[in-house]
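The values are calculated or read from the model by the stated rules, or taken from the named source; none is laboratory data. Keep in mind that this is a model prediction, so the values were computed, not measured. Cβ atoms come from the backbone with ideal geometry, glycine included; neighbour counts cover every protein chain shown. These area figures cover heavy atoms from the full protein model, side chains too; ligands, DNA and RNA do not enter into them. Shrake-Rupley method; radii C 1.70, N 1.55, O 1.52, S 1.80 Å.
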Amino acid sequence: MAEWLYEAGIGETRAALIEDGRIVEARIEREGEGPRVGAILTARLVEPGRLSLDAPGEPVATIAAPGVPLGSRLTVEITRMALRERGRDKPARARLADDGARPSAGLDLRVRIAATGAPVVDLPATGPDRLEAAGWSELIDRVRTGYWPFAGGALWVDATPAMLLIDIDGEGDAFALAKGGAAAAVHVVRCCDVGGAIGIDFPSLPGRAERQAIDALIDALLPPPFERTAVNGFGFLQIVRRRERPSLIEQVRFDPVATDAALLLRQAGRAVGTGALQLVTRPAVAEWIGAHPHWIDALQKQSGRAVTVAADAQVKGAGHAQ
């Protein structure tokens with residue numbers, strides 16, 4: 001039976017849907033990511049189609065509000081969160097809220113996973129690490145590198161401004177490789193909650209029947225709603241899914257400092273020992289953690305130990321806690 005494992009971490013909450021001991025869906029929600037989908041906020045129209053939201057940091061959002069004078073105060077609903085892409089960031093998207101709508105922060109990760117109907121297990125900060133046992137660190141590494149091996153081949157996954165591109169790589173029978181690659185690609189899309197445009201490059205298949213079989217396999221494995229093209233003669237298929245939030249791939253790859261900070265704080269919270277707890281990490285991560293002193297306070301309370309953060313330019317990745 002599938003179940004969600006949910007962990008309220010420091011600076012980041014995380015959840016994984018586990019089936020047969022394997023992570024099939026993974027979600028993170030970070031402090032400071034901006035207003036959630038469904039949030040109801042007041043705002044000021046500062047430019048045509050552009051809002052300044054009444055939220056920490058005064059984030060901006062786009063809106064279609066023809067005829068509304070500049071400077072107007074509005075109540076809006078967030079319909080898509082802010083997104084980070086390679087080389088650019090996209091502001092949140094909003095619409096005018098319904099009359100009488102009350103301010104709301106939107107549904108948090110814990111509420112959203114509970115709404116799926118699968119049972120949710122709230123994980124303690126100590127004790128057996130069920131997320132790690134299911135492969136959490138391995139998953140984050142795969143997201144970070146873009147390399148996803150499967151039986152008989154591997155995927156190379158790259159998030160571009162235009163679409164997420166998935167290349168199926170391997171040797172041997174092209175049809176068998178395409179079927180294995182299709183299942184692996186669907187797993188990546190579902191696991192990482194990828195929305196927007198997705199392109200999958202299959203090995204060239206000799207006949208129409210084989211291409212149609214791959215089309216049918218995608219339809220059978222990928223939960224709706226989505227739209228897709230057929231696999232064309234060059235082996236390319238495009239999928240389009242609703243995009244309301246950043247995918248796990250975008251969160252991990254386009255914000256590596258926040259990713260490593262969350263990993264280090266999680267590691268530190270489970271460190272065994274007594275006396276002062278020192279976090280050693282690269283300067284950018286140390287600075288990021290230092291800019292959030294309440295994270296250090298939370299870690300001290302959780303661990304019962306004094307916490308210091310040391311920057312070391314020689315450290316790679318998240319660093320270590322000792």
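Quick check: residue separation of ALA197 and ALA276 times 0.36 nm, minus the Cα distance between them. What number comes out in nm?
Details: separation 79, 0.36 × 79 = 28.44 nm, distance 4.78 nm.
Stretched fully, the ALA197-ALA276 segment lengthens by 23.7 nm.
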| remark: Going residue by residue through segment 127-134, the Karplus relation 6.51 cos²θ - 1.76 cosθ + 1.60 with θ = phi - 60° gives ³J(HN,Hα) values, rounded to whole Hz and with x marking Gly or Pro, of x, x, 8, 5, 5, 5, 4, 7
| remark: Out of PRO293, SER72, LEU96 - ranked by how far each Cα lies towards the positive end of the dipole of the chain, with unit charges on the beta-carbon of charged residues - the top one is SER72
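Which value in deg cm²/dmol, rounded to the nearest 500, describes the helix-derived mean residue ellipticity at 222 nm for the chain, given -39,500 (n - 2.57) per DSSP H run of n ≥ 4 and division by the residue count? Each step should come with its number before you reach the end.
Details: 9 runs with 92 residues, N = 322.
When only DSSP H runs of four or more count, the value is -8500 deg cm²/dmol.
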| task | Report, in whole Å, the centroid distance computed from the Cα atoms of segment 119-157 and segment 69-90. | result | 31
| query | Which ³J(HN,Hα) values, rounded to whole Hz and listed in residue order, are derived for segment 78-89 from phi using the Karplus coefficients 6.51, -1.76 and 1.60 in 6.51 cos²θ - 1.76 cosθ + 1.60 with θ = phi - 60°, glycine and proline given as x? | reply | 6, 9, 8, 6, 4, 10, 10, 10, 5, x, 6, 10
| query | If one computes the Cα centroid of segment 166-234 and of segment 1-38, what distance in Å separates the two points? | reply | 26
| Residue-normalised accessible area of segment 13-161, expressed per residue, 1.4 Å probe, Å² | 52
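Under a Cβ-only charge scheme (Lys and Arg +1, Asp and Glu -1), can you give me the dipole magnitude of segment 27-173 about the Cα centre, in debye to the nearest 20? Each step should come with its number before you reach the end.
Values: 19 positive and 22 negative charges, 151 e Å.
Magnitude of the dipole: close to 720 debye.
Rounded to the nearest percent, how much of the accessible area of the chain (1.4 Å probe, protein heavy atoms only) is carbon and sulfur? Walk me through the numbers on the way to the answer.
Details: 8430 of 15750 Å².
Of the solvent-accessible surface of the chain, carbon and sulfur hold 54 percent.
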| task | Show the residues, 5+ positions off or on another chain, whose built amide H is closer than 5 Å to the amide H of VAL309. | result | LEU279
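Only four residue types carry charge here, +1 at the Cβ of Lys and Arg and -1 at the Cβ of Asp and Glu. Report the dipole size of the chain about the Cα centre in Debye, rounded to the nearest 20.
Values: 37 positive and 41 negative charges, 119 e Å.
It works out to roughly 580 debye.
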| Read-out Rg and Dmax of the Cα atoms in Å, derived from the coordinates shown; its label in (1) 24.0, 78; (2) 24.9, 83; (3) 21.8, 67 | (3)
| query | Amide H of ILE10: which non-local residues (sequence gap of 5 or more, or other chain) have their own amide H closer than 5 Å, using H built in the peptide plane? | reply | none
| task | For segment 306-322, take each phi angle, set θ = phi - 60°, evaluate the Karplus expression 6.51 cos²θ - 1.76 cosθ + 1.60, and give the result in whole Hz per residue in order, putting x for glycine and proline. | result | 5, 10, 10, 10, 10, 8, 9, 5, 7, 6, 10, x, 6, x, 8, 10, 8
| remark: Classified through the alpha carbon gyration tensor (a ≥ b ≥ c as square roots of its eigenvalues; rounded if a/c is under 1.5, else prolate when a/b is larger than b/c, else oblate), segment 110-150 comes out oblate
| field | segment 260-306, accessible area per residue, ligands and nucleic acids excluded (1.4 Å, Å²) | value | 47
| request: With a Förster radius of 51 Å, plug the Cβ-Cβ distance of HIS320 and ASP173 into 1/(1 + (r/R0)^6) and report the FRET value to the nearest 0.05. | output: 0.70
| message | Can you compute the modelled spin-label distance between ARG130 and GLU31, with each label point 7 Å from Cα toward Cβ, in nm? | response | 2.5
| query | Cα gyration tensor of segment 40-119, axes a ≥ b ≥ c as square roots of the eigenvalues: rounded (a/c below 1.5), prolate (a/b > b/c) or oblate? | reply | oblate
| So for the chain, taking the charge dipole from beta-carbon charges (+1 Lys/Arg, -1 Asp/Glu), which of ILE113, GLY38, GLY87 sits furthest toward the positive end? | GLY38
